[in-house]
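Everything below concerns the one structure shown next.
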Amino acid sequence: MDTVDPIIKSSTEFYNDLKVDENGRYRSWEHCYSHFIKARGSQEIDYDYLSLQLAFYLASWGMYRGSSFLLQKDYKVHIPVVKELLNEKYDILAGIDCIGFKDDSNQKLLQDINSFLEQYYDKIRHKVKGQELKNQLSFTLIAKDKIKM
């Protein structure tokens, strides 16, 4: 129980800080997530707009800084990612609670989306860098993209 109390305290402090600044950077996730949730199952999906939302969310978390390959691309580079994230097969992951991530079938879906994101962004990164890549793709980029489900 001693471990849980500091986690609850930190989470509560973070949430309270978040509420204070209605235009804070942490809100970029909320905006992006809400647009993805609204688009899921919609008949008219604006992939361009969702790509822009995703790009801004990633930028607000530093994925467009310095030597990032994304800095060399416009927001439309994310359209295939948006389409994949909105694939029906991932509907079960939308709004999932923490315990749901333990389920084997959900773990498989997470592996599928990880693989897609890694392959897609690695191709772009390779084209931008124009050489063999020494480092693997940032796990942070993959995790941030996946979080929109």
Checking the range 7-42 for trypsin sites (Lys or Arg not before Pro) in a loop per DSSP with at most 14 other beta-carbon atoms within 10 Å yields R25
Stokes-Einstein D in µm²/s, Kirkwood radius over Cα pairs - the range 1-115 at 37 °C with 0.692 mPa s viscosity: 200 µm²/s
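Hand me the chymotrypsin sites (Phe, Trp or Tyr not before Pro) from the range 93-131 located in a DSSP loop with no more than 13 other Cβ atoms within 10 Å, in residue order please.
The qualifying sites: there are none.
Using a 1.4 angstrom probe on heavy atoms only, work out the carbon and sulfur share of the accessible area of the range 1-128 in %.
Working: 4500 of 8400 Å².
Answer for the range 1-128: carbon and sulfur cover 54 percent of the accessible area.
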Binned Cα-Cα distance frequencies in the range 42-91 - 10 Å width, integer %: 26, 48, 22, 4
At most 10 other Cβ atoms within 10 Å and a DSSP loop assignment: could you name the GluC sites (Glu not before Pro) in the range 1-62 that fit? E22, E44
Using the Karplus curve 6.51 cos²θ - 1.76 cosθ + 1.60 with θ = phi - 60°, what ³J(HN,Hα) values do you get for each residue of the range 107-112, in whole Hz, with x for Gly and Pro? 4, 5, 4, 5, 5, 4
What length, rounded to one decimal in nm, is gained on full extension from Q43 through to D74, with 0.36 nm per residue of separation minus their alpha-carbon distance? 8.6 nm
When the scattering of the range 1-59 is computed by the Debye formula from its Cα atoms alone, each counted once and equally, what is log10 I(q)/I(0) at q = 0.20 Å⁻¹? -0.80
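The values are calculated or read from the model by the stated rules, or taken from the named source; none is laboratory data. Because the structure is a prediction, the values reported are computed rather than measured. Counting neighbours? That spans all protein chains shown, and the Cβs are built from the backbone with ideal geometry, glycine included. Side chains included, ligands, DNA and RNA excluded: accessible areas come from the protein's heavy atoms. Shrake-Rupley method; radii C 1.70, N 1.55, O 1.52, S 1.80 Å.
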